[in-house]
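A short worksheet on the structure shown next.
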Amino acid sequence: MGETHTRVRFGDYTITRELPESPIARRLLAMELERHQAKVLHLFPIRPDDAQVAVLRRAIDNLSTIDNRHVLPVEKLLLGIVHQPCAVTPYTGHQDGLIDLETLLAEKGGHMEPGETDRLLRQIFDGLSAAHEKLVHHGALRGRDILIDRRGSATIEMLGVARSLEGLRGFSTEVQRDEIRAVVELGFTCLTGHDASTVRLPASKLVRRLDPEWDAFFASGLDPIDGFDTAAQAIEALPSATFDRDPATQRPGRSGLLTNFRRAGADRA
């Protein structure tokens, strides 16, 4: 939920409350005064005279070249207002605050329905494909890197920024393949509730009445040698690809990623 924050003026924004920290920055919920829109301020633990400020600026510039609805855009990078650089992004949360995939999985009991997992992976791969087209790497995506918005849509937060701050540069097909395989591993966890690296069983042995096409998908995607070369290949191998090319049209029984999360919230109320 985050905690209530004393309302403080911050440039063109009024801070309303503290949000949970991301893996790389402190988050504050703020209201943009002119448009009266909710935003998230990401404060990076970098001194204003540190050379990392220039690295952060380049990472944000690279991120701004990616135009995809599943990649969270940075609208501004504020420097000089406080003693830390601050990135401004849209607020994707709702009354419960920001929800990342890690939190959503916990609320759902550690796993998702096949239709939800298919939809999630399609969206993440779509965002990752857009990044790769611009020669931008993120590294292995984790649940905390992926926000779930009000519509139940997945968005990759601060794509590539942490990797740049760690001093990693350049683009390679090997890293691209590793990133795609990491998303497949994440999908296996979402679907089965288990880590693919420790469970040596096909997904169909862990999930009752699972479409066998999932086993084929994971067998290909988890193979370090013969795995997917591109995110587009991964999307085409998803079970839904044989039914419908439009992710908005799902099989019967598919629900938004937030359905059970909202139901759990209602039960607690």
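The values are calculated or read from the model by the stated rules, or taken from the named source; none is laboratory data. Everything numeric in this text was worked out from a predicted model, so none of it was measured. All Cβ positions, glycine included, derive from the backbone under ideal geometry; neighbour counts span all protein chains shown. All accessible areas refer to the heavy atoms of the entire protein, side chains included, with ligands and DNA or RNA removed. Shrake-Rupley method; radii C 1.70, N 1.55, O 1.52, S 1.80 Å.
General observations
- Leading residue by the ranking (modelled with the lowest pLDDT) among those in the stretch 6-43 that are of a type in the set (Lys, Arg), under 17 Å from His94 (Cα atoms) and in contact with a Ser or Thr (Cβ under 8 Å, 6 or more places away or on another chain): Arg17
- Where helices (runs of 4 or more DSSP H) fall entirely within the stretch 198-269, those with at least 1 residues that are surrounded by 13 or more Cβ atoms within 10 Å (Cβ to Cβ), of a type outside the set (Asp, Glu) and modelled with pLDDT under 95 are at 259-268.
One line per residue, one yes/no per condition, for (1) more than 16 Å from Ser153 (Cα to Cα); (2) at pLDDT below 95:
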site: Arg69; (1), (2): no, no
site: Glu75; (1), (2): yes, no
site: Leu78; (1), (2): yes, yes
site: Gly93; (1), (2): no, yes
site: Leu120; (1), (2): no, no
site: Gln123; (1), (2): no, no
site: Leu128; (1), (2): no, no
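- Entirely in the stretch 38-156, the helices (runs of 4 or more DSSP H) that have 1 or more residues that are open to solvent by 50 Å² or more (accessible area, probe 1.4 Å) and more than 24 Å from Asp229 (Cα to Cα): 52-64, 101-107
- Looking across the stretch 157-193, the residues that are open to solvent by less than 10 Å² (accessible area, probe 1.4 Å), within 25 Å of Phe217 (Cβ to Cβ) and assigned to a helix (DSSP H, G or I) come down to Glu179, Ile180, Val183, Val184, Gly187, Phe188, Cys190, Leu191.
- When Leu19 is tested against the conditions (1) surrounded by 17 or more Cβ atoms within 10 Å (Cβ to Cβ); (2) closer than 16 Å to Leu159 by Cβ, the lone failure is (2).
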